[in-house]
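Derivation of every value follows stated rules applied to the coordinates shown; laboratory data play no part. These numbers were taken from a predicted model, which means no experiment stands behind them. In this analysis, Cβ positions are derived from the backbone assuming ideal geometry, glycine residues included, and neighbour counts consider all displayed protein chains.
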Amino acid sequence: RAGPSGPEGQGPGALSWAVHLDSPGGPGQEALEQWADTLAQAAGLVNAGRIGELRGHYLFVPPAGAQQARQAETVRQQAEAVLGAHETVRWHSEQRLLRRTKR
Amino acid sequence: SLNFNDPKFPQQWHLNNRRSPGRDINVTGVWERNVTGRGVTVVVVDDGVEHTVLDIAPNYSPEGSYDLNSNDPDPMPHPDVENGNHHGTRCAGEIAAVPNNSFCAVGVAYGSRIAGIRVLDGPLTDSMEAVAFNKHYQINDIYSCSWGPDDDGKTVDGPHQLGKAALQHGVMAGRKGFGSIFVVASGNGGQHNDNCNYDGYANSIYTVTIGAVDEEGRMPFYAEECASMLAVTFSGGDKMLRGIVTTDWDLQKGTGCTEGHTGTSAAAPLAAGMIALMLQARPCLTWRDVQHIIVFTAAQYEDRRADWVTNEAGFSHSHQHGFGLLNAWRLVNAAKVWTSVPYLASYASPVVKENRAIPLAPHTLEVSWNVSRTDLEMSGLKTLEHVAVTVSITHPRRGSLELRLFCPSGMMSLIGAPRSMDSDPNGFNDWTFSTVRCWGERAKGTYRLVVRDVGDEVAPAGVLLHWRLTLYGSVWSPVDIRERQRLLENAMSGKYLHDGFSLPCPPGLEIPPEDSHTLTPNTLKTLVLVGCFSIFWTVYYLLEVYLSQRSVPCRGRPCRWPQRGRRAREEGTDLESVPLCNGKDADGPEPEGPPSTATLLGPDGLVPQAPDLLRGAEEQVC
């Protein structure tokens, strides 16, 4: 895992992907997490943990130091290629910064 | 009769308006009956909460709090150069400032607990929003969100995929299944001609969309109109009118108290506080009950500019003020006698492809969809709550479009108001507009979407590609709604507002934060191993029995199971045994003597003997 507390600990300025997984081996949380770890690794990323309370949703981030070593575009291409092609990925989206203002 | 020693309480006109009696939220009578939000937790999702301020500390809930910007459990705001991160603390003070501590002010629900989620002090992503909306959702009952997409008159934005999923998950699983209550401010883009139907949080069926009115009940310069507005409450207006007096941070230039909190940001927390009072009165109200009670009790008032329209169910709505002013007395009295609304029923039309040009005003493009009785049979939907329309339109200048939706009753909602500053060339790509103006009306009938181009182009340039209608409501009939209206009016005297009266409440669901009930792979592996061992042992045992049988001849007679002694059964010594051929006793009565188990027991009566050891005693046994 990228951090001890999951996706909350991620610097939001960095590259990251939200991924919604279909459970590959039944409904177990542990199986999903293991599968998320494996998939993230295949995409050249690290599973930063489940997104809040949303079952099957995970945040994938580049491993520490990897983003500097590789161009962001290279990281993006590999991640998109793997996540886009895999049948257990129901949905995925690169996380972008949102503009939100106090009212 | 309540008199607090908080120095700014006399200036908190929104709580007790002495200068203009009646122009307040009508909360003091509720407090007098000990309804103060006790047992309810409200969380302010914002730039942090300074929980050490005297007005907040005693009510602060660390269990419901978190800092998503710094990833730690403490939502303490971080001072910045603009002295700007006081926003969440001010909102928290409006909700739950502690009374009678001689510090500053009093909160609407001063008996409630207040938590903070710090998320606005830094870059924000969809996944962070999703985490915020469900954070500690079995502790936090009400999420107060005084923020949203830019109110610049040209933004069309709202929760993205994860934020939407989190809102939906919150209303289903939050608050023990009664549903988290999400209160959102409708927007401050009035001076930019903005409209809250371009804000996805305001359009969401899962949120309570709250607008602002000034002390005189008018729409302030900053406020936005929209068809999805549920209700309004007080806030500041122009410079001549008073702002909201509340607790403030004491960092930077802060003094711990302010008289200048304003905007729709100041209105939404008042609504959140009033909902906390409702939840104390009746803890098992669902998220939809809360919306219904607001619709049923919000008060229409005299404001000619508001353009009030009364719908078929008798509810008055205005694009400026929603169903009217929130009134704490009415909300709490209604909550006290409220029984839950039926399940949420919905109907979605197919995506209707149009590919039709949108003419310039005064001409219009009108498309319609008829919802028949058969269409609604499956869900049971009879009367409406939210009506949503999802459209895809191309247009080189989005702000020139105007969309109106007509419900079967003829009730009109301006769901897409023209915006002079919105020159976006991309039109709408599956944007969902919503309206609450048909609340309580019958669902069956023809819905009309009327689109026109109010721009100054020479030729029409927009195309309605496709659209879809989604209806939300319940099996309540118009008669049910009228009955509920009567019930509530009967309760408004306050006769049920005492501790001795309470309707029964279901306990709610115990929803674990993690899926602790599912089988892990390791558990499954262990189960498989145990299963394999059991099968192996069974096969071995059966084989052993079979082989032992073969070695015991029955002399041409059928083998019989001996009848075992009653005493043995009573003594619990009746061991499982192989079938024996006890020819002498096979048809006779059951002997009273010692059981024949000795045939299988060893000399000590405990250890079973192998079948071949029995051969020598064959004559005695079989």
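Structural remarks
- Considering the stretch B:141-207, its Cα convex hull presents a mean projected area of 4.1 nm².
- Within the stretch A:19-60: backbone nitrogen closer than 16 Å to the residue B:527 label point (7 Å, Cα to C-beta): A:25-32
- Annotation for the stretch B:1-100: GluC sites (Glu not before Pro) lying in DSSP loop with at most 11 further Cβ atoms inside 10 Å of their Cβ are B:82.
- Between the beta carbons of residue A:34 and residue B:374, assuming R0 = 60 Å, the FRET efficiency works out to 0.80 to the nearest 0.05.
- Cα centroid separation - the stretch B:397-433 against the stretch B:264-304, whole Å: 28 Å
- Taking the longest Cα principal axis of chain B as reference, the axis of helix B:521-550 is set at about 20 degrees.
- The protein assembly as shown - Rg over Rh from alpha carbon coordinates, Kirkwood radius: 1.17
- Relative to the longest principal axis of the Cα atoms of chain B, the long axis of helix B:287-297 lies at roughly 40 degrees.
- Applying 1/(1 + (r/R0)^6) with R0 = 60 Å to the Cβ-Cβ distance of residue B:550 and residue A:85 gives a FRET efficiency near 0.45.
- Semi-axis lengths, Å, the stretch B:12-109, gyration tensor of Cα atoms, sqrt of 5 times eigenvalues: 27, 16, 11
- Hydrodynamic estimate: the Kirkwood radius of the stretch B:310-418 over Cα pairs, inserted into Stokes-Einstein at 37 °C and 0.692 mPa s, corresponds to D of 189 µm²/s.
- Mean projected area of the convex hull spanned by the Cα atoms of the stretch B:162-264, taken over all viewing directions: 8.5 nm².
- Dividing the convex hull volume of the alpha-carbon atoms in the stretch B:211-364 by its residue count gives 215 Å³ per residue.
- Between the stretch B:24-40 and the stretch B:183-250, the alpha-carbon centres lie 23 Å apart.
- In degrees, nearest ten, helix B:478-491 long axis to first principal axis of chain B (Cα): 80 degrees
- Compactness of chain B as Cα Rg over 2.2 N^0.38 Å, two decimals: 1.38
- Formal net charge of residues neighbouring residue B:150 (Cβ-Cβ distance under 14 Å; K, R +1; D, E -1): -2
- Net charge over other residues, Cβ less than 12 angstrom from the Cβ of residue B:340 (K, R count +1; D, E count -1): +2
- Packing here is the average count of other Cβ atoms within 10 Å per residue, and on that basis the peptides A:81-90, B:255-264, highest first, run B:255-264, A:81-90.
- Exceeding the 31 Å Cα-Cα cut-off - candidates A:102/B:239; B:353/B:444; B:8/B:239; A:102/B:495: A:102/B:495
- Here the simple spin-label model places points 7 Å from the Cα toward Cβ, and for residue B:456 and residue A:42 these points are separated by 5.8 nm.
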